[in-house]
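Engineer: This is the structure I want to talk about, given as structure tokens.
The values are calculated or read from the model by the stated rules, or taken from the named source; none is laboratory data. Note that the structure is predicted; figures quoted are calculated from it, not measured. Backbone-built Cβ (ideal geometry, glycine too); neighbour counts: all protein chains shown.
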Amino acid sequence: MPLSSIAGANIVLGVTGGIAAYKAVELMRVLEKEGANVTPVLTKAAAKFVSEVTFSALCSNKAYSSLINDDEPIIHTKLGKTADLVLVAPATANMIGTYRAGMANDLLSSILIATKAPVIVCPAMHTEMYENIAVQDNMQVLRDRGVIFVDAEVGSLARNDVGKGRLADLEKIVAVVKRTLGSNECFRDKTVTVTAGGTREFIDPVRYITNRSSGKQGIAIALEAYYRGAKVNLITANSNIPSYLLNLENFEVRRVDTAQEMADAVLSLSQTSDLIVMAAAVADFRVKNQSKLKLHRQDGLPKLELQSTVDIISELVALRNKNSLKSKKTHWVSQRIVGFAAETDNLTDRAMNKLKSKAIDMLVANDVSRSDIGFDTDSNAVTIYTSNGFIKEVDKKSKQEIAEEILNVFELEFNN
Ligand code: CTP
């Protein structure tokens, strides 16, 4: 199983003549860093904004802009046939119209109609042009033909104008590229709900009890499930969410504070979830005598009375078991639930016990006594246990790579 299907993928990066053409240089570099084999193809107008030489100098492949080349006489069919993906960013109104009409009047438009690979179009133009009925109509026709669009965003445009028409965030474009290349049968058409971060239990309106979870591992798992084609619900408590995730199609983000709010959100989504990953560090207790007003020093030391919070994962298992008994043909029967365990001692014993006592399908355990991994860091090391008795130790890696490992084990063990 490849760690990431963008690695080694042949991507034709079509660049058309808009002011956002300069952003395509950075996009090309990011795609190459991710391991893709990128060939830049510029229209004549694009080369007026950023020259072919810039792309050739920074890319491991030569950039092309002409249908006729000495080194490759029929470059459009060669690139069209060998491409795993054609990505047009930025795409002008002119290119979108040309593509819709099936015209082949330059190298990029010829590749677009010669390829059988998926095509992603990222429009960028002035608001008036973007909203024009003919342009909207052209985009809709292309969408109906299966072309994937990463819609333009609201932001600053050329000549200090502001409006809809700015090229989508590059991170968002890369995420859609990864999903297009990485979508697989285990996750496509499935709904995955992931919790991330540390819940907050309020003492008064300004103070709360929380934990050190940053939410990074959960967010990485949510993204990995998105790359593999799932519709994702990410429920986060107290974590920094990259802004591009907030308006990504098929990626819903819900923010919560307390364990109870998280429980309400996950339990309601469990009705439609095929996989639930409880990566959040949920508080085990909350303040029973929470004050509605701010507590003050002169009032003396408050006596905090604690009470248990709901054990969300156990509620999820109980709900699944109850519903799968009632209706044997629904998604409840195949719903899988994955838990996490952050431990400081006796990792294996505690992890095995949790897997069994909570009756979940998979448990991901990490040793939080190590300062080089886990809380507040970008790396992690985990041991994955499944209910089938499979155990996998994953040594220190980035949290995104750990997410890939977790979903690889999930696919291996539960793709039925
Ligand atoms: N969890 C949960 N609801 C809680 C507490 C934890 O759903 N109120 C979930 C976590 O998201 C995690 C798993 O249960 O996936 C294990 O969490 P952990 O805190 O390690 O387990 P606890 O059962 O709370 O046991 P302890 O804290 O005593 O180790």
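Conditions tested, residue by residue: (1) touching a helix residue (DSSP H, G or I) at 6+ places or on another chain (Cβ under 9 Å); (2) within 16 Å of the ligand (Cβ to nearest atom); (3) small (Gly, Ala, Ser).
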site: MET278; (1), (2), (3): yes, yes, no
site: ASP284; (1), (2), (3): yes, yes, no
site: LYS288; (1), (2), (3): no, yes, no
site: LYS292; (1), (2), (3): no, no, no
site: HIS296; (1), (2), (3): no, no, no
site: GLY300; (1), (2), (3): no, no, yes
site: LEU306; (1), (2), (3): no, yes, no
site: GLU315; (1), (2), (3): yes, yes, no
site: LEU319; (1), (2), (3): yes, yes, no
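Engineer: Here are some conditions: (1) within 14 Å of the ligand (Cβ to nearest atom); (2) in contact with a helix residue (DSSP H, G or I) (Cβ under 9 Å, 6 or more places away or on another chain); (3) not hydroxyl-bearing (Ser, Thr, Tyr). GLN260 meets all but one. Which one does it not meet?
Structural biologist: With respect to (1) within 14 Å of the ligand (Cβ to nearest atom); (2) in contact with a helix residue (DSSP H, G or I) (Cβ under 9 Å, 6 or more places away or on another chain); (3) not hydroxyl-bearing (Ser, Thr, Tyr), GLN260 is out only on (2).
Engineer: Report, by residue number, each residue of segment 129-178 that is free of Cβ contacts under 8 Å to residues at least 60 places away in the same chain and of a type in the set (Lys, Arg).
Structural biologist: Of everything in segment 129-178, those that are free of Cβ contacts under 8 Å to residues at least 60 places away in the same chain and of a type in the set (Lys, Arg) turn out to be ARG143, ARG145, ARG159, LYS164.
Engineer: Can you name the residue in segment 225-247 that is in a loop (DSSP other than H, G, I, E, B) and more than 26 Å from SER334 (Cβ to Cβ) and, of all such residues, is farthest from the ligand (Cβ to nearest atom)?
Structural biologist: PRO242
Engineer: Still on this structure, please answer the following. Test of understanding: among ALA263, ALA283, which residue is assigned to a loop (DSSP other than H, G, I, E, B) and in contact with a Ser or Thr (Cβ under 9 Å, 6 or more places away or on another chain)?
Structural biologist: Just one listed residue meets the conditions, ALA283.
Engineer: How many residues does segment 329-372 contain that are in a loop (DSSP other than H, G, I, E, B), among the polar types (S, T, N, Q) and either surrounded by 13 or more Cβ atoms within 10 Å (Cβ to Cβ) or not assigned by TED's automatic domain parsing to the domain that holds GLN271 (or both)?
Structural biologist: Taking segment 329-372 as the starting set, the residues that turn out to be in a loop (DSSP other than H, G, I, E, B) are 329-335, 344-346, 358-361, 368-372.
With the extra rule that they be among the polar types (S, T, N, Q), the set shrinks to 330, 334-335, 344, 346, 369, 371.
With either surrounded by 13 or more Cβ atoms within 10 Å (Cβ to Cβ) or not assigned by TED's automatic domain parsing to the domain that holds GLN271 (or both) added as a condition, the list becomes 334-335.
Looking only at that region, the number is 2.
Engineer: Residues in segment 335-350 that are in contact (Cβ under 8 Å) with a residue 40 or more places away in the chain and within 11 Å of the ligand (Cβ to nearest atom): how many?
Structural biologist: In the first step, residues of segment 335-350 are kept if they are in contact (Cβ under 8 Å) with a residue 40 or more places away in the chain; the result is 335-340, 342.
The next check asks that each one be within 11 Å of the ligand (Cβ to nearest atom); those that pass are 337-340, 342.
The qualifying residues number 5.
Engineer: Now for a separate question. Give, as residue ranges, the helices (runs of 4 or more DSSP H) completely inside segment 78-148 that count at least 2 residues that are crowded, with 18+ Cβ neighbours inside 10 Å, assigned by TED's automatic domain parsing to the domain that holds SER65 and touching a strand residue (DSSP E or B) at 6+ places or on another chain (Cβ under 7 Å).
Structural biologist: Filter on segment 78-148 gives 93-101, 107-114, 133-144.
Engineer: Determine the pairs where a residue that is in contact (Cβ under 8 Å) with a residue 60 or more places away in the chain, located within segment 302-328, has a partner that is within 12 Å of the ligand (Cβ to nearest atom) and acidic (Asp, Glu) with Cβ atoms under 8 Å apart, the partner being 6 or more residues away or on another chain.
Structural biologist: Once the first residue is in contact (Cβ under 8 Å) with a residue 60 or more places away in the chain and sits in segment 302-328, its partners that are within 12 Å of the ligand (Cβ to nearest atom) and acidic (Asp, Glu) give THR309/GLU201; THR309/ASP284.
Engineer: I've got another one for you. Within segment 271-285, track down each residue that is touching a Leu at 6+ places or on another chain (Cβ under 7 Å) and buried (at least 23 other Cβ atoms within 10 Å of the Cβ).
Structural biologist: Of everything in segment 271-285, just one residue is touching a Leu at 6+ places or on another chain (Cβ under 7 Å) and buried (at least 23 other Cβ atoms within 10 Å of the Cβ), namely ILE276.
Engineer: Taking the conditions exactly as written (assigned by TED's automatic domain parsing to the domain that holds ASP361 and either within 14 Å of the ligand (Cβ to nearest atom) or among the hydroxyl-bearing types (Ser, Thr, Tyr) (or both)), does ASP204 satisfy them or not?
Structural biologist: Working: assigned by TED's automatic domain parsing to the domain that holds ASP361: yes; either within 14 Å of the ligand (Cβ to nearest atom) or among the hydroxyl-bearing types (Ser, Thr, Tyr) (or both): no.
It is false that ASP204 is assigned by TED's automatic domain parsing to the domain that holds ASP361 and either within 14 Å of the ligand (Cβ to nearest atom) or among the hydroxyl-bearing types (Ser, Thr, Tyr) (or both).
Engineer: Using the structure shown, decide if LEU325 is assigned to a loop (DSSP other than H, G, I, E, B) and away from the ligand (no atom under 15 Å from the Cβ).
Structural biologist: no
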